[in-house]
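Before any comments, here is the structure.
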Amino acid sequence: MLDAVDGAGFYRSTGNTSCWASRERRVETFGSLGYQIFRPDFDRLLLDRAAAAGADVREGTRVGAVRVADDGVRVDYTLNGRPSSTSAQLVIDCSGRAGVVARRMRKYEPSYRTYAIVGVWRSDDGWELSDETHTVVETFEHGWAWSVPVDRSTRHVGAMVDGTSPRAATGRELEAAYRGEIAKTVEMRRLLAGAGLLRVFACDASLYSSRAYAGPRFLLAGDAASFIDPLSSFGVKKALASAWMAAVTAHTCLLHPDRRPVAVDFFSNWERQVYAASLRHSRDFARQASERHPHPFWAARAGVDVPPQDDMDAPDVRAAFERIKGASSIAFRLADDVRLEKAAVIRDHEIVVEDAFPGIRFFENVDLVKLAHIACQHTRVPDVFDAYCRAQSPAPLPSVIAGLCLLVTKGILQTRA
């Protein structure tokens, strides 16, 4: 797909400009160029490439009912107005917020009921930014606003506010409500001065997860499974990753029915962890904003309860990091009481069961079992890093060091400087 995406002419972007809980602009530059995509064009490209790769694409289709049973799935639909149906061993719901299968399992995040009101703006004279390709983000008293360029002259600018329905439904009333929200901002008002508003639309942007992400005959992928905070700018990437995970899971279930329970659990745990990680980041950003904007919009989001994760900034992990970083040589050895258990991992295009340390196998895409054994063969961290990247896929040095710190903190590896 990559060549097709690179050749599609999407607008190149180099970073972000943020005024988060501050009036000062903070500029972040990407390590590599990204794209600002207009979703209808991007989706069309992906659909066409899928068809070219052999997928059976049936446009003009409207799904009616999906019946999931123990022995398979039946889908009733209309194709160009004509009723039809089909059966399958497995169904993947990729229907986004519509949630054809997913909506019966949907669980909304009470503190993140959010409505997005979005305007399309045009300026032929450019934009007052150090880099016109940047996404711009700003907090204000009752919410936050964002601005994304889709070409040199056009920007989509959204206001994220409380609620699940617009201040007004359509037309001039919606535009007046939108202008009222933008008027509460500082950065966006300055950015849009002199630009022309082409149109306004609105949509529900509330966060949600699912009580179940998968079963023996169904998988929920992308926004059908969960909707993460648009603040992350991770939605498209999360959807692509979710689709890939669903494809690997489906492939495993169809070829190896004996692995179906393991594959379904693996997929469900991945979706659950991605949603929790995103919610945790959103909560932390909300806490920053709440200190500057003492408003219920921010207080509710700052107080959301999120499951804990391994904290690389915890004192014991930080101590391990300093010890490893400061040693000219360091000997690693596996602790005497280390045991292994079976856990699911992805190998090639399948989910398989392999040895893992209790409760942990990967951290930031670093294989901790492989890393632990490699570490025991070297006395210098650079040699450990080099050997790991040669034996496994290349990984960033900070991720490998973080993996070593986690193994030491959990007592799996012992050190002697």
Checklist (1) over 21 Å from the mean Cα position of the chain (by Cα); (2) among the polar types (S, T, N, Q); (3) surrounded by 13 or more Cβ atoms within 10 Å (Cβ to Cβ) applied to SER87, failing item: (3)
Test: residue in the range 10-24 that is of a type in the set (Phe, Trp, Tyr), closer than 30 Å to GLU128 by Cα, free of Cβ contacts under 8 Å to residues at least 40 places away in the same chain and part of a loop (DSSP other than H, G, I, E, B): yes
Scan of the range 357-412 for residues that are surrounded by 19 or more Cβ atoms within 10 Å (Cβ to Cβ), in contact (Cβ under 8 Å) with a residue 40 or more places away in the chain and of a type in the set (Ser, Thr, Tyr), ordered by number: THR409
Residue tally, condition in a helix (DSSP H, G or I) and at pLDDT 90 or above, over the range 300-330: 3
Condition met for GLU354 (of a type in the set (D, E, K, R), closer than 28 Å to ALA263 by Cβ and touching a helix residue (DSSP H, G or I) at 6+ places or on another chain (Cβ under 9 Å)): yes
Members of the range 100-128 found to be assigned to a helix (DSSP H, G or I) and over 20 Å from ASP305 (Cβ atoms), listed by number: ALA102, ARG103, ARG104, MET105
Qualifying positions in the range 192-213 - of a type in the set (A, V, I, L, M, F, W, C) and within 21 Å of VAL150 (Cα to Cα): LEU192, ALA193, ALA195, LEU197, LEU198, VAL200, PHE201, ALA202, CYS203, ALA205
Filter result for THR17 (loosely packed, with under 12 Cβ neighbours inside 10 Å and among the hydroxyl-bearing types (Ser, Thr, Tyr)): no
Residue satisfying condition, being of a type in the set (Lys, Arg) and assigned to a helix (DSSP H, G or I), within set ARG390, ARG339, ARG333: ARG390
Failed item in (1) surrounded by 13 or more Cβ atoms within 10 Å (Cβ to Cβ); (2) on the phi > 0 side of the Ramachandran plot, with VAL63 passing the rest: (2)
Selected residue [surrounded by 11 or more Cβ atoms within 10 Å (Cβ to Cβ), out of contact with any helix residue (DSSP H, G or I) (no Cβ under 6 Å at 6 or more places or on another chain) and free of Cβ contacts under 8 Å to residues at least 12 places away in the same chain] from ALA55, ALA51: ALA51
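The values are calculated or read from the model by the stated rules, or taken from the named source; none is laboratory data. The structure displayed is predicted, hence computed values, not measured ones. Neighbour counts are summed over all protein chains in view; Cβ atoms, including those assigned to glycine, are modelled from backbone coordinates with ideal geometry.
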